[in-house]
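The values are calculated or read from the model by the stated rules, or taken from the named source; none is laboratory data. Fair warning: this is a prediction, and the values are worked out from it, not measured in the lab. No Cβ is skipped: glycine too gets one built from the backbone with ideal geometry, and neighbour counts run over all protein chains shown.
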Amino acid sequence: MAVKFDLHEKPRTNAAETVSYIPKLVSAGTVTLKQLCREISSGNSITPGDVKAVVSALCEHMSQHLSDGCTIDLDDLGTFRLSLKSKKPIDYFDDNTAARQLALSRIIFTPKKEFFHRCTPLSYHRVDKPRRKSPVLTDDQILERMAVYMSQVKEPLFTTRDFMHATGIGHTTACKRLKSLVASGRIKRMGHDLHHPYYILPTPADGTAQV
């Protein structure tokens, strides 16, 4: 059994941190219920329609029991249970009031050890054409990286290409973030042409940017 993966840069709290990467599984496609029914029926005397009918009935009864607050234990497969969330922080200890703030968060599936180990051992292969994903950075993290980059190149102005190189952000996201930084008064654009450079505006002691 083999799976494909890609590597994405892990967000850094500051530009001085060492670059590290997070492995991400690359989907090999989607297997439909119709396909599973055909595969199961091919090795048994039952038809694909019979398999689908059993699965549909299983889903119906599972949803009923989960709605009653039960945990579903499917032997070697695993368990299913509901998870709740609060629409807003609960800062009181009143059952009726708290109940009005609750909502279904998700259905949690916990595989059994037997099922988990059926998926191993695996072999791992890097995708031939890695997909580059822009790192998730705050405005402060972006400006910190830009300040380090500009101190290295000893230039007061930077272009969109410089911005992409210093932050690791792709072109589409870079254009959006630059526009947002201009609107918030963190950077200023020299002119209105697409190729005109930017520069970082000084931030006063009170933390507000100058426009």
| task | For region 151-199, enumerate the residues that are in contact (Cβ under 8 Å) with a residue 24 or more places away in the chain and basic (Lys, Arg). | result | Arg177, Arg186
| task | Those residues that are exposed (fewer than 13 other Cβ atoms within 10 Å of the Cβ) and free of Cβ contacts under 8 Å to residues at least 12 places away in the same chain, I need them from region 28-46; list them, please. | result | Gly29, Thr30, Val31, Thr32, Gln35, Glu39, Ser42, Gly43, Asn44, Ser45
| note | Among Asp139, Asp75, the single one that is touching a residue at least 24 places away in the same chain (Cβ under 8 Å), of a type outside the set (S, T, N, Q) and on the phi > 0 side of the Ramachandran plot is Asp75
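Against the condition modelled with pLDDT of 90 or more, surrounded by 10 or more Cβ atoms within 10 Å (Cβ to Cβ), within 25 Å of the chain's Cα centre (by Cα) and outside any strand (DSSP E or B), how does Leu137 come out, does it pass?
On the way: modelled with pLDDT of 90 or more: no; surrounded by 10 or more Cβ atoms within 10 Å (Cβ to Cβ): yes; within 25 Å of the chain's Cα centre (by Cα): yes; outside any strand (DSSP E or B): yes.
The answer is no for Leu137.
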| request: Answer yes or no as to whether Arg145 is touching a helix residue (DSSP H, G or I) at 6+ places or on another chain (Cβ under 7 Å) and part of a helix (DSSP H, G or I). | output: yes
| task | Mind counting the residues in region 87-131 that are modelled with pLDDT under 85, surrounded by 12 or more Cβ atoms within 10 Å (Cβ to Cβ) and in a loop (DSSP other than H, G, I, E, B)? | result | 4
